[in-house]
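Report on one structure; see the data block that follows.
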Amino acid sequence: AAGKGTEWVPIRVGTDAVLALAMANILVNELGIYDRMYLKKCTNAPYLVKDDGYYLRDSSTNKPLVWDSREGVAKTFDDATVQDFVIEGTYTVAGVKVQPGFQILKEHLKKFTAEYAAKITTVPQGTIRRLAREFGEAARVGSTIVVDGVEVPYRPAAAIFFRGIQGHVNSLFNCIAVGLLNHLLGTADTAGGCLGFNPVCHGYPETGHPSYTPAPDPDGLMITGSWVVAHKPYPPRAAARPASLDLGEAFPLAMHSPMMCSDTQEEWARKFNVKLQPKVMVNFGANSVMSLGNKDVMADWLKKFEFIVSFDIFLNEMTDFADVVLPDTTYMERLEPSPNFPFIFNHPGGMGMWGWPIRQPLVEPAGERRNFAAVIYEIADRIGIREPMNISLNLRFGLHGKNRLEPDVRYDYDDLTDRVLRETFGDDHDLEWFKEHGVISWPKNPKEVYWRHFTPVRVPIYYEFIKRAGDQIRKVVSEFGAENDVNLEMYSALPDWHPCLSHRETDPAYDFTSFYFRDTIHTNSLTMENPWLDEASQMNPYTYTITINAAVGKKKGLKDGDIVWVESKRGRKVKGKLKLSEGIHPEGLGIAALCGHWSNDQPIAKGKGIFYNELLEIDWGHIDPISHSLDLCVKVKVYKA
């Protein structure tokens, strides 16, 4: 995407939230450019908030209240008689002083001046002001467009992010801050604006499947219609005493956590009196030794398991730790009813077609390879959990009626596949039909693609639920005397800036902030053994090298091709070939992710590139205390090997 841009604005690694919040401040408090109608109808901007940071709620329904300016009274947010939602000002309701969430956000943003942001991000304040103005004017707030006969708001501006800004101590607020730009201007999920994954699908016209649409929680905030895993991001569960290794029960806003395998895990387990220690691991296609963090920390964790079975299509660094390795089928050897699961992630945004293919084998599986899913089903049957397995499959695929699995019957894999397809697309589109046709497709409609104004849900710009989670966590951890150990000050209802440890490092010898980037040639570490992709990688000057700014490199007497060490303050280091580039911030040091294999079973990938994760620490100080994302930026020094 950046290659299609007209301008690149270098920014100090990990400071994205400050730039976004400064732009938001300029839009709201200086230029007055924001989509008032979107904020009133599609966000919780009108919800009245008390001085304690919580919503003012109706005494009988417990629903958040809003202020109706036409009648001059407070009503529940979903009261159909509200004529005009107020999003600014101060009001008194039953003797309680309240302000709309947007008013509180508006005041909060004032501290993010262009001058303040320039010092932290290194983006000049004049550039910050220009970017804010250009973004606001480009959004054309108030305009509409007709798409396939349906009138929708037209907002040709979008602020997007992905993995990069998530890998920091300020992970969640980095993401919220960038997303806030879309909500202020009403550019979310509408024509010309920021289209994310596909959270609305009305299904194949003849069956209405697969179908999902976001729904409101009791406060009116959006629960996603579909997501990648069973635990949806919202609403969060209540914080409770931790019982598992990742302490997940105590931190309800984290969907996963590197604390499970950190080098301080035992210390935290003792602190929270966690007794559970798993003894068996079933691994499917994951190379956790490389992908989760520092390999030595990961190795120490994996050694704690008494038995590991790993399914994979080849041997790698992870399978070295397995007691049993079972050969899985490759994509050309297997049958699958839904290979593009999760459905929402596998279609481009915008108008076009929905499509559901099957994966079917081109050749018979070689050697002793067997489909992982079929093996797991058979294992479940052999150990006596056929009934709960069948019930879970019924729930997972929504099987009903004649397609429903009977609890006490064992099914073969082809039959399971056939039932999933019949349930979704009807009896005329069974497995045999898909074997002949390969894929079924049907057109999207504008109310699915530009769903935001057609779906009665709101999204937060004031995050009361984060504050609520923080207060719950405080009660839980205080029982263990750990209240001062978990950065609870970050559990705020408003997006803010919290520096990573690397931002606080003052030793001038460590003058680069390292980060990893995803190489478009590869899929994580999985494809490094592919000889064609390896050949392409060797022609690409950035895949197998260490990149720093050209001018800075020259000042240090470094040149392309030099072999250098990159070393952290804690003494972790990696070695590799240097590449100078104009396309990197002067303080940045970039390394392509998950290169540097060392397994003898991968002779093509072995020794190619640099294993960036060697530099990482996995401990509480290097995770976002809210989302538990691992901090991936490290202050380092560079010197010739």
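So here's what we get for this one:
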item: Estimated FRET transfer efficiency (Ile160, Phe345; beta-carbon r; R0 22 Å; 0.05); result: 0.90
item: Ranked packing of 202-209, 241-248, most packed first, by mean Cβ within 10 Å; result: 241-248, 202-209
item: Label-point separation in nm, Met353 to Ala243, each point 7 Å along Cα→Cβ; result: 4.9
item: Residue order for Trp532, Trp227, Trp8, Trp301 - accessible surface, 1.4 angstrom probe, largest first; result: Trp532, Trp8, Trp227, Trp301
item: Longest to shortest principal axis, alpha-carbon extents of region 352-398, angstrom; result: 44, 34, 8
item: Rg and Dmax [Cα atoms of region 321-407; Å; Rg one decimal, Dmax integer]; result: 16.2, 49
item: Region 583-626, relative contact order [Cα under 8 Å, separation at least 6], %; result: 30
item: Binned Cα-Cα distance frequencies in region 254-307 - 5 Å width, integer %; result: 4, 17, 26, 30, 17, 5, 0
item: Cα principal axis extents for the chain, largest first, Å; result: 76, 72, 54
item: Share of pairwise Cα separations in region 211-327, more than 20 Å, in percent; result: 55
item: Residue list for region 376-414, given a label point 7 angstrom along the Cα-to-Cβ vector of Phe305 and an amide N cut-off under 18 Å; result: 376-377, 379-380
item: Probe 1.4 Å - accessible area at Cys261, Å² to nearest ten; result: 0
item: Shape call, region 487-641: gyration tensor on alpha carbons, a/c limit 1.5; result: oblate
item: Shape call, region 494-541: gyration tensor on alpha carbons, a/c limit 1.5; result: prolate
item: Inter-part distance where region 388-457 and region 222-268 are each reduced to a Cα centre, Å; result: 29
item: Asp427, Asp562, ranked by accessible area, largest first (probe 1.4 Å); result: Asp427, Asp562
item: Residues of the chain: accessible area per residue with a 1.4 Å probe, Å²; result: 45
item: Quarter of the Cα convex hull surface for region 121-243, i.e. its orientation-mean projected area (nm²); result: 11.8
item: MRE, 222 nm, helices only [DSSP H, n ≥ 4, -39500 (n - 2.57), over the chain, to nearest 500]; result: -7000 deg cm²/dmol
item: Phi to ³J(HN,Hα) by Karplus 6.51 cos²θ - 1.76 cosθ + 1.60 over region 307-313, Hz, x for Gly, Pro; result: 8, 10, 10, 10, 9, 7, 9
item: Whole-percent pair-distance distribution, where bins are 10 Å wide, for the alpha carbons of region 402-557; result: 7, 14, 13, 23, 27, 13, 3, 0
item: Fully extended contour minus Cα-Cα distance, from Val282 to Phe517, at 0.36 nm per residue; result: 81.7 nm
item: Contact order normalised by residue count of region 261-416, Cα under 8 Å, 6+ apart, percent; result: 15
item: Cα gyration tensor category, rounded, prolate or oblate, for region 561-641 with a/c compared to 1.5; result: oblate
item: Amide hydrogen neighbours beyond the local backbone of Asn283, cut-off 5 Å, H modeled; result: Val309, Ser310, Phe311
item: Which of Ser60, Val73, Leu21, positive extreme of dipole for region 1-74 (C-beta unit charges); result: Ser60
item: Between region 281-307 and region 87-142, the Cα center-to-center distance that results, in Å; result: 44
item: Carbon/sulfur fraction of accessible area - region 392-457, other protein chains in place, 1.4 Å, %; result: 49
item: Area accessible to solvent at Ile313, 1.4 Å probe radius, in Å²; result: 70
item: Carbon and sulfur %, accessible surface of region 520-641 computed with the full protein complex present, 1.4 Å; result: 53
item: When each of Lys50/Lys111; Lys402/Lys447; Lys110/Lys475; Lys75/Lys444; Lys97/Lys232 is checked by Cα-Cα distance, pairs over 29 Å; result: Lys402/Lys447; Lys110/Lys475; Lys75/Lys444; Lys97/Lys232
item: Order of exposure, largest accessible area first, which applies to Thr417, Thr520 with probe 1.4 Å; result: Thr520, Thr417
item: Contact order relative to length of the chain, as percent, for alpha carbon pairs under 8 angstrom and 6 or more apart; result: 16
item: Antiparallel content of DSSP bridges confined to the chain, in %, to 5; result: 65
item: Of Val178, Asn613, His498, farthest towards positive along the dipole that unit charges on Lys, Arg, Asp, Glu beta carbons give the chain; result: His498
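The values are calculated or read from the model by the stated rules, or taken from the named source; none is laboratory data. What you are looking at is a predicted structure, and each value in this text was computed from that prediction instead of being measured. A quick note on method: Cβ atoms are made from the backbone with ideal geometry, for glycine too, and the neighbour counts reach across all protein chains shown. Surface accessibility is based on the protein's heavy atoms, side chains included, excluding ligands, DNA and RNA. Shrake-Rupley method; radii C 1.70, N 1.55, O 1.52, S 1.80 Å.
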